[in-house]
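This report refers to the structure that appears directly beneath it.
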Amino acid sequence: MKQSEYIKGAKNITHIPSELPIVLFMGRSNVGKSSLINSLTNRKNLAHTSGMPGKTMLLNFYLINNNFYIVDAPGYGYARRSKSMQDEFVVMIEEILIKHPKIVGVVLVIDFKIGPTEADLNTYEFLKSLNLNIIMVATKKDKISKSKQLSHENKLRKQLNNPTNLFVVSNLHKENIENVKNIILKGVKEYESS
């Protein structure tokens, strides 16, 4: 991901900047999506991390290598959002997942330390029902002691029924970041040649 730039925030599918392929990043509020995007693009402040979870209600578009978008969706599962805001979020996500013609895949970000929440598991099942290419990324590996990381990862894999594409990453130590980057770029390349 040699080139990356923030393009815009969009409230719905009609505001999407162009018909380039997209990779959608989803995850609950405060799971570390912005930090992951910054690590993948090797840019410290490309995606802004928010101190107030649940604040952003936009699809944030980042143009990568001038040929596809990383789209950062608002965090889900934030309890203080009003009912109307939660409904808006569901409509926004369903529209882009079901109606956008060029979805390459979805990066579902979960917290390695906490494990998958009910909202994570429900989202995962919903994405599987749409037959989308799903890349699972568990962030904050460095928050678990090294001696417990393997057993923690095994437990996580079991909870998610052993997904093929699960990467446990540390943004701090850049662990597994290259692997996530490579699988995203491979998916874009395969999509373009199909």
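No value in this document is a laboratory result; all are computed from the given coordinates. Source: prediction; values computed, not measured. Note that each Cβ is placed from the backbone with ideal geometry, even for glycine, and that neighbours are counted across all protein chains shown.
Could you give the nm distance between label points at Leu172 and Phe126, where each point is 7 Å from its Cα heading toward the beta carbon?
With each label placed 7 Å out from Cα toward Cβ, I get 3.1 nm.
Once fully extended, how much extra length lies between Asn162 and Asn65, figured as 0.36 nm per residue of separation less the alpha-carbon to alpha-carbon distance? Write down the numbers at each step before the final one.
Working: separation 97, 0.36 × 97 = 34.92 nm, distance 3.17 nm.
Answer, rounded to one decimal: 31.8 nm.
Which option, [x] 24, 20, 17; [y] 28, 21, 15; [z] 112, 16, 12, is the value of semi-axes √(5λ) of the Cα gyration tensor in Å that was calculated from these coordinates?
Derived directly from the coordinates: [x].
Just tell me which lysines come within less than 16 Å, Cα to Cα, of Lys102; anything on the same chain fewer than 8 places away is out.
Lys186, Lys189
Can you flag which of Lys99/Lys181; Lys141/Lys174; Lys113/Lys181; Lys113/Lys158 are past 20 Å Cα-Cα?
Long pairs (Cα-Cα over 20 Å): Lys99/Lys181; Lys113/Lys181.
Report ³J(HN,Hα) in whole Hz for each residue of region 9-16, in order, from the Karplus equation J = 6.51 cos²θ - 1.76 cosθ + 1.60 where θ = phi - 60°; Gly and Pro get x.
x, 10, 8, 7, 5, 6, 9, 5
Rounded to the nearest 5, what % of DSSP beta bridges with both residues in the chain are antiparallel?
Once the DSSP bridges in the chain are tallied, antiparallel ones form about 40 percent.
Which aspartates and glutamates, on any chain, are close to Lys11 with Cα under 19 Å apart, when same-chain ones fewer than 8 places away are left out?
Glu19, Asp72, Asp87, Glu88, Glu94, Glu95
Which whole-number percent is the relative contact order of the chain (Cα, under 8 Å, 6+ apart)?
It rounds to 24 percent for the chain.
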